[in-house]
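What follows is a single structure, written as structure tokens, with notes after it.
The values are calculated or read from the model by the stated rules, or taken from the named source; none is laboratory data. Owing to the predicted nature of the structure, the values given are computational and were not obtained by experimental measurement. Here the Cβ positions follow ideal geometry from the backbone for every residue, glycine too, while neighbour counts run over all protein chains shown. Areas reflect the complete protein model, heavy atoms only, side chains present, ligands, DNA and RNA absent. Shrake-Rupley method; radii C 1.70, N 1.55, O 1.52, S 1.80 Å.
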Amino acid sequence: QVQFVESGGGLVQPGGSLRLSCTTSRITFSIYDMAWYRQAPGKQRELVARITSGGTTLYADAVKGRFTISRDNAVNTIYLQMNSLEPEDTAVYCCNALYRTLKYWGQGTQVTVSS
């Protein structure tokens with residue numbers, strides 16, 4: 001069974017920063033495209049950022065220039081550096097792993113941006 005350990009969420013003031021981490025096990029991490037999704041209350045889940053197995057990155061328009069996704073294959077971990085956070089970024093952030101038809105989800109970590 002694939003396992004995810006997500007961390008780094010919490011409460012932060014507008015304009016602040018957080019760094020999310022997602023460590024996986026029981027998959028060949030390096031061949032998977034990895035991503036962060038988020039779901040705010042009453043809204044559909046949306047893609048925040050993706051990083052392919054080759055290191056290519058993709059960002060949602062709402063976070064371009066503020067968020068950075070990265071990966072460290074040596075420790076089976078992806079990161080999401082979030083700067084200039086806004087109240088609209090408040091959501092549960094989930095880690096996703098994708099390889100061909102195989103897709104796995106983490107449990108999520110809460111991010112709350114509020115003064």
**Item:** Residue, nearest to residue 112 (Cα to Cα), within region 1-27, restricted to residues that are loosely packed, with under 14 Cβ neighbours inside 10 Å and without any contact (Cβ under 8 Å) to a residue 60 or more places away in the chain
**Value:** 3
**Asked** If you check 7, 70, 25, which single one turns out to be of a type in the set (Ser, Thr, Tyr), closer than 15 Å to residue 107 by Cβ and within 14 Å of the chain's Cα centre (by Cα)?
**Response** 7
**Request:** Confirm whether residue 37 is under 17 Å from residue 105 (Cβ atoms) and open to solvent by less than 30 Å² (accessible area, probe 1.4 Å).
**Result:** no
**Asked** Limited to region 44-82, what total is found for residues that are of a type outside the set (Ser, Thr, Tyr), open to solvent by 50 Å² or more (accessible area, probe 1.4 Å), free of Cβ contacts under 8 Å to residues at least 24 places away in the same chain and within 21 Å of residue 10 (Cβ to Cβ)?
**Response** 1
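Please verify whether region 95-113 includes one or more residues that are open to solvent by 60 Å² or more (accessible area, probe 1.4 Å), part of a loop (DSSP other than H, G, I, E, B), under 16 Å from residue 2 (Cβ atoms) and polar (S, T, N, Q). Steps first, please.
The initial filter retains those residues of region 95-113 that are open to solvent by 60 Å² or more (accessible area, probe 1.4 Å), namely 99-105, 107, 110.
From what's left, part of a loop (DSSP other than H, G, I, E, B): 100-101, 107.
Those left that are additionally under 16 Å from residue 2 (Cβ atoms): 100-101, 107.
Imposing the further condition that a residue be polar (S, T, N, Q) reduces the set to 101, 107.
Looking through region 95-113, at least one residue is open to solvent by 60 Å² or more (accessible area, probe 1.4 Å), part of a loop (DSSP other than H, G, I, E, B), under 16 Å from residue 2 (Cβ atoms) and polar (S, T, N, Q).
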